[in-house]
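Step one of this worksheet: look at the structure below.
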Amino acid sequence: MAQAVAFYVIAFLILGLAILVVTARSTVYSVLFLVANFLCVGVLYVLLHAEFLAVIQVLVYAGGIVVLYLFVVMLVSLKHPEAHSDPRRRDRLGFLLSGAVLAEIVAIGMFTFMREPMSTGAAAVQGVPNINQIGWLLYLDYLVPFEVASILLLVAMVGAIVLARKESR
C-alpha cells in the first residue's frame, strides 16, 4: 500500500515538473525543472527495484545531458531570435533527406516489432542481477533501437558543434 502511494506521489511530481519544463518562461528555470524531473524518475526506478537504472538516470541525464542543455542555453542567445535566411540553404534536399530518414525509422520500427525476440526472457530470470538482465535485453532484443538512439545523439552533438562554430566566426 505504501509503495503504491509513493508511486502515485512520484508520478504526480514527474507530471507536474514536466508541465513546468514546458511552461517556464526562462530557459534556465526550464532546465532546472528538467533536472528535478530526472531526479524524480530516478526515485521511481528505485521504487521499482531497478537500482542500476536509477544510478544511470542520475549520472547520465541529471548530470551529463542537463549540463549539455545549459551549455546550449548559454551558447545560443535566445533573447533576440533573428530571422535568418541562408542563400545556400537547400530546402527541397532537406525535405527529401528528412523523408528518407523518416522512412528508415519506420522500416526499423516495423522490423523490430515484426520479428520474434532473440532472448529467452532474460528479464524474467530470478537471481540474475539487474545489470546482466539489462545487458542481455539491450544487446539482443533492443540492439537496433539502441543504435538508432546513438546515431541521433551523434547528430545532436554535430549540430551543437556547428551552432557553436557559427557563433564564433
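Just so it is clear, none of the values below were taken in a lab; they were calculated from the coordinates. In this text the structure is predicted, and so the values were computed from the model without any measurement. All Cβ positions, even for glycine, are placed from backbone atoms using ideal geometry, and neighbour counts span all protein chains on display.
For the reader, a short list of remarks on this structure follows.
- Enumeration of residues in segment 22-64 that are among the aliphatic types (A, V, I, L, M) and either in contact with a Lys or Arg (Cβ under 6 Å, 6 or more places away or on another chain) or not in a helix (DSSP H, G or I) (or both): Ala24, Leu48, Ala50
- All positions within segment 143-158 that are aliphatic (A, V, I, L, M) and closer than 23 Å to Phe113 by Cβ: Leu143, Val144, Val148, Ala149, Ile151, Leu152, Leu153
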